[in-house]
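Right, one structure below, let's go through it.
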Amino acid sequence: MSLRINDIAPDFTAETTQGTIRFHDWIGDGWAILFSHPKDFTPVCTTELGYMAKIEPEFRRRNCKIIGLSVDPVDNHARWAKDIEETQGYLPAYPMIGDPNLEVAKLYNMLPAEEPGTSEGRTPANNATVRSVFVIGPDKRIKLMLTYPMTTGRNFDEILRVLDSMQLTAAHKVATPVNWKHGEDVIIAGSVSDDDAKTLFPQGWKAPKPYLRIVKQPG
Ligand code: BEZ
């Protein structure tokens, strides 16, 4: 069955470039991002994993660990990491899962629909994981899922932006509008009555419509 937002993220044991992990134990009490790429030693993936190495401190600042995955074995990941540092200027310090038996890839529906017909017939030789991102909360539930085509590199700044929104809305009864960025005005959650809003947001709000109540970002 396909995964849905708010499902418990499937737990697994896997080999990584930093040793064997049990996923939920590795996540611990914070947030986590599991992201897959199609194949080591390929160009778009090289730029993506280099960029994740560059902005990894931004995830750490948000109490969020990151972990990569592909169907390549971990010794390939380790060799490729040197190319990433050489060409992108940043050495991935985050772990990368080696999933040559497609166990995690199948658990997280990271395989494309086409060929070879049935999922049981898939092998690493004829399959590569798509570009997936899963953001997992401290409660181990899936908060965000994203799937990109093979030929399009992801915008990982967007993942940071969504993380800011999710962490804000987990702490305050607000939602964030289109293209919102940290520090900008937010929207009072629809579940909050005007009476309760007066207590929660004593500075008041702008309401161009009764259902659109805009306040300064709390916190
Ligand atoms: C790439 O990273 O450039 C790539 C990988 C797999 C398929 C297509 C492109």
| note | Among (1) within 30 Å of Lys39 (Cα to Cα); (2) modelled with pLDDT under 95; (3) open to solvent by 40 Å² or more (accessible area, probe 1.4 Å), Thr129 falls short only on (3)
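Among the candidates Thr176, Thr169, Thr151, Thr147, single out the residue that is of a type in the set (S, T, N, Q), within 23 Å of the chain's Cα centre (by Cα) and modelled with pLDDT under 95.
On the way: Thr176 fails: modelled with pLDDT under 95; Thr169 fails: modelled with pLDDT under 95; Thr147 fails: modelled with pLDDT under 95.
Residue meeting the stated conditions: Thr151.
Inside segment 195-218, can you point out the residues that are open to solvent by less than 80 Å² (accessible area, probe 1.4 Å) and of a type outside the set (Val, Ile, Thr)?
Residues of segment 195-218 open to solvent by less than 80 Å² (accessible area, probe 1.4 Å): 197, 201, 204-205, 207, 212-215, 217-218.
Listed by number, the residues that qualify are Ala197, Phe201, Gly204, Trp205, Ala207, Leu212, Arg213, Gln217, Pro218.
Of all residues in segment 40-67, count the ones that are within 16 Å of the ligand (Cβ to nearest atom), surrounded by fewer than 17 Cβ atoms within 10 Å (Cβ to Cβ) and part of a loop (DSSP other than H, G, I, E, B). Steps first, answer last, please.
Restricting attention to segment 40-67, the residues satisfying the condition of being within 16 Å of the ligand (Cβ to nearest atom) are 40-53.
If we keep only those that are surrounded by fewer than 17 Cβ atoms within 10 Å (Cβ to Cβ) too, we end up with 41-43, 47.
Those still in the list that are part of a loop (DSSP other than H, G, I, E, B) too: 41-42.
Of the residues in segment 40-67, 2 are within 16 Å of the ligand (Cβ to nearest atom), surrounded by fewer than 17 Cβ atoms within 10 Å (Cβ to Cβ) and part of a loop (DSSP other than H, G, I, E, B).
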| Considering only residues of segment 13-39 that are open to solvent by less than 70 Å² (accessible area, probe 1.4 Å) and within 16 Å of the ligand (Cβ to nearest atom), which is farthest from Lys143 (Cα to Cα)? | Pro38
| query | Under 7 Å by Cβ, and 6 or more places apart or on different chains, what pairs join a residue from segment 54-70 that is at pLDDT 95 or above with one that is open to solvent by 60 Å² or more (accessible area, probe 1.4 Å)? | reply | Lys54/Tyr90; Glu56/Ala93; Ser70/Lys39
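So that you can scan it fast, the table gives a plain yes or no per residue for (1) in a loop (DSSP other than H, G, I, E, B); (2) acidic (Asp, Glu); (3) surrounded by 14 or more Cβ atoms within 10 Å (Cβ to Cβ):
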| site | (1), (2), (3) |
| --- | --- |
| Asp72 | yes, yes, yes |
| Asp75 | no, yes, no |
| Ala78 | no, no, yes |
| Ala81 | no, no, yes |
| Ile84 | no, no, yes |
| Pro92 | yes, no, yes |
| Pro100 | yes, no, yes |
| Lys106 | no, no, yes |
| task | Can you work out which of the residues in segment 181-194 that are surrounded by 12 or more Cβ atoms within 10 Å (Cβ to Cβ) and within 23 Å of Asp139 (Cβ to Cβ) is nearest to the chain's Cα centre (by Cα)? | result | His182
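Is it the case that segment 177-188 has a residue that's outside the structural domain of Val135 (by TED's automatic domain parsing), among the polar types (S, T, N, Q), in contact (Cβ under 8 Å) with a residue 60 or more places away in the chain and closer than 30 Å to Ser36 by Cα? If you could, list the steps in order and put the result at the bottom.
If we filter segment 177-188 for residues that are outside the structural domain of Val135 (by TED's automatic domain parsing), which is where we start, we get 177-188.
Next cut, among the polar types (S, T, N, Q) only: 179.
From what's left, in contact (Cβ under 8 Å) with a residue 60 or more places away in the chain: none.
There is no residue in segment 177-188 that is outside the structural domain of Val135 (by TED's automatic domain parsing), among the polar types (S, T, N, Q), in contact (Cβ under 8 Å) with a residue 60 or more places away in the chain and closer than 30 Å to Ser36 by Cα.
The values are calculated or read from the model by the stated rules, or taken from the named source; none is laboratory data. Every value quoted in this text rests on a predicted model; they were computed, and no experiment measured them. Neighbour counts are summed over all protein chains in view; Cβ atoms, including those assigned to glycine, are modelled from backbone coordinates with ideal geometry. The accessibility values were calculated without ligands, DNA or RNA, using every heavy atom of the protein model including side chains. Shrake-Rupley method; radii C 1.70, N 1.55, O 1.52, S 1.80 Å.
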